[in-house]
1. Surrounded by 22 or more Cβ atoms within 10 Å (Cβ to Cβ) and more than 26 Å from A441 (Cα to Cα): does that describe A182?
2. Out of the residues in the stretch 237-290 that are of a type in the set (S, T, Y) and out of contact with any Pro (no Cβ under 8 Å at 6 or more places or on another chain), which is surrounded by the fewest Cβ atoms within 10 Å (Cβ to Cβ)?
3. Within the stretch 385-435, track down each residue that is free of Cβ contacts under 8 Å to residues at least 24 places away in the same chain and part of a helix (DSSP H, G or I).
4. So which of D233, D192 ends up being in a loop (DSSP other than H, G, I, E, B), surrounded by 15 or more Cβ atoms within 10 Å (Cβ to Cβ) and in contact (Cβ under 8 Å) with a residue 40 or more places away in the chain?
5. Tell me which residues, restricted to the stretch 298-348, are basic (K, R) and either part of a strand (DSSP E or B) or within 18 Å of G181 (Cβ to Cβ) (or both).
6. Condition first: under 17 Å from P189 (Cβ atoms) and touching a helix residue (DSSP H, G or I) at 6+ places or on another chain (Cβ under 7 Å). Now tell me which residues in the stretch 204-241 satisfy that.
7. Quick one: would you say S167 is in a strand (DSSP E or B) and surrounded by fewer than 20 Cβ atoms within 10 Å (Cβ to Cβ)?
8. Out of R331, R382, R359, report the one residue that is among the basic types (K, R), buried (at least 19 other Cβ atoms within 10 Å of the Cβ) and either closer than 30 Å to S449 by Cα or free of Cβ contacts under 8 Å to residues at least 24 places away in the same chain (or both).
Amino acid sequence: MLAIGLSCHAANADDAPAPKLSESFWSDLWDQDSLSGNWGGWRDRWADHGVLFAADSIDEIVGNVSGGTERDADYSGRFELVTTIDLEKLLGWKDATFHANGYWTHGRSLSDDALNGNFMTVSNIEAVPSVRLFDLWVEQLLFEGHLSIRAGQIAADDELFSSDTASNFNNATFGWPAIMGADLPSGGPVYDIATPGIRLKYAPSSKLSFSLALFNGDPADPGPGDPQQRDNDGLTFRTNGGAFVMAETAYRTSLDLGSGDLPSTYKLGGWFHSGDFDDERFDNRGQSLASPTSTGIPATHSGDFGAYFVIDQIVWHKPDTEDSGLSAFLRGAWVPSDRNLVSLYVDTGAAVKGLFAERPNDVFGIAFAFAQVSPSASALDRDLRFYGGSWLPIRNHEATFEFTYHLQLNPWWALQPDVQYVVHPAGNVALPGSSQPVPDALVLGLRSSVVI
């Protein structure tokens, strides 16, 4: 727009030559760390006082070109504002940090529109259109940094059950695994609904840490419909949804060129929820919910729980580089079958950074995720066949393959073409109005990420 404006101005002048932007302007714009630059030095001045501002915009188009419930292409976008304040620099509050961020989300959800609301949402930025607060917390370090306490409105996937390598992929399950999103009330305290909570983390050494987090059990107001619409601005601050507790032990090693040791992370965790959960097969009198004589009221289980592990490993480090090479991840989780729709989950994948010498910041990745429908839910489907005489598909599993390439154009702009193949969307359920299962789907996408 600036170039167009200059050209129009020159056309209206008598004989004045068209002004030109210097090559250094474009070079500086292209090479600076963010699109908006240093704001004439104000960013550095605020940083000197401990105040960091950041913004980013992610926009993408994803389309279902084969299978699913229909052919469709959707646009979705997420604009984020972030502030992090070193309270010691600003106020003299030793070893304390304040953090807040919020989102403007817009566009539509391809998983809802074309994949029957499948377990593994194809995009990790999909959300209902809204402007909302997300995180809002204060963190205090104690005992020379060995203990940290974070309290406020927080999200579980900021730190727990996470993998650095898995974060390269666009499908939401490689962030917050589908087993958690499918089984927890409102999907759990994750993007884009954080919830009040407190997290303690004790690190006796640089390698070992123990985390314990307590969250409000249901981040959205009770009721029907999408939980994001029941808390559309992130300002509910609910504390009456029961308790959701996560505990995690992590062991990390770092790169040691002398010994040849490569960085790795191993995590073992578990969780407990204090709420009531419906049985997937039986009613409150012990009959199948499919039986004509069933009360239709599911049996209730008090509490829910699960266990998980994470392995993140640098497999190969490219010599004479800081972080180029090949990394791989493996995660798995289990929950009881009787009260959960998804009872077993595993994902794995690999990513290579700097595959091409002339493009040291590009990342290519391939990943796979598998979510097993609980045997209790599958048994209910067989009961429906027995009692109803209809030949509906039996729910069994959903799986996703993803291939992605992160093309880092400059420090603040990246493009990411992405291919996903979804097997048994929503776990092998029937097409609406049909007895045939939803066909496997091929999804193509292109994402643009800009640091503002």
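The values are calculated or read from the model by the stated rules, or taken from the named source; none is laboratory data. Note that this is a predicted model, so its numbers are computed, not measured. Positions of Cβ are generated from backbone atoms using ideal geometry, with glycine treated the same way; all protein chains shown enter the neighbour counts.
1. On the way: surrounded by 22 or more Cβ atoms within 10 Å (Cβ to Cβ): yes; more than 26 Å from A441 (Cα to Cα): no.
So A182 does not fit the description; no.
2. So in the stretch 237-290, the residues of a type in the set (S, T, Y) come out as 239, 249, 251, 253-254, 259, 264-266, 274, 288.
Pick out the ones that are also out of contact with any Pro (no Cβ under 8 Å at 6 or more places or on another chain) and you get 249, 251, 259, 264-266, 274, 288.
Values: T249: 13, Y251: 13, S259: 7, S264: 16, T265: 19, Y266: 14, S274: 13, S288: 18.
Applying the filter and picking the extreme gives S259.
3. Initial filter on the stretch 385-435 (free of Cβ contacts under 8 Å to residues at least 24 places away in the same chain): 385, 389, 409, 421, 433-434.
Listed by number, the list holds a single entry, R385.
4. Numbers: D233 fails: surrounded by 15 or more Cβ atoms within 10 Å (Cβ to Cβ).
Exactly one residue qualifies, and that residue is D192.
5. Here is the first cut: in the stretch 298-348, the residues basic (K, R) are 318, 331, 339.
R331, R339 - these are the residues of the stretch 298-348 that are basic (K, R) and either part of a strand (DSSP E or B) or within 18 Å of G181 (Cβ to Cβ) (or both).
6. Within the stretch 204-241, A213, F215, G217, D218, P219, A220, D221, P227, G241 qualify.
7. Values: in a strand (DSSP E or B): no; surrounded by fewer than 20 Cβ atoms within 10 Å (Cβ to Cβ): yes.
No; evaluated as a whole, the condition is false for this residue.
8. Values: R382 fails: buried (at least 19 other Cβ atoms within 10 Å of the Cβ); R359 fails: buried (at least 19 other Cβ atoms within 10 Å of the Cβ).
The unique qualifying residue is R331.
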